[in-house]
Amino acid sequence: MKLCIVGQNIEKWANKYLISLENLECPTCKKYFKPDTSIAFKGYRGVTLSNHGCGINMPFRVVPIDKEKIEFWELLRPEEG
Ligand SMILES: [Zn+2]
């Protein structure tokens with residue numbers, strides 16, 4: 001699974017893919033943070049937290065995207081299997 005940081009505006013990203021921006025709990029410090037980083041991997045789009053000092057193992061939330069969009073993604077990223 002190759003996860004890409006997309007760098008899109010988080011609010012627009014969440015609206016586009018209907019991803020909840022409810023707070024995510026950091027598994028390390030147990031604090032809750034609003035997602036602020038847009039991510040994508042094959043077939044899914046999601047949000048995660050930027051690193052706030054607890055390492056890179058941040059929680060994330062993803063949603064599946066529809067087949068048409070997956071195919072579009074394949075066209076954009078033909079090197080990913
Ligand atoms: Zn933390």
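Bear in mind that the values in this text are calculations on the coordinates, not laboratory data. The structure presented is a predicted model; accordingly, all values stated were derived computationally and were not measured. Neighbour counts are summed over all protein chains in view; Cβ atoms, including those assigned to glycine, are modelled from backbone coordinates with ideal geometry.
Observations on the model:
- Subset of segment 7-40 [surrounded by fewer than 15 Cβ atoms within 10 Å (Cβ to Cβ) and in contact with a strand residue (DSSP E or B) (Cβ under 6 Å, 6 or more places away or on another chain)]: Asn23, Glu25, Tyr32
- Scope segment 10-39; condition among the acidic types (Asp, Glu) and in a loop (DSSP other than H, G, I, E, B); matching residues: Glu22, Asp36
- Segment 22-53, residues that are over 16 Å from Pro64 (Cα atoms) and of a type in the set (A, V, I, L, M, F, W, C): Leu24, Cys26, Cys29, Phe33, Leu49
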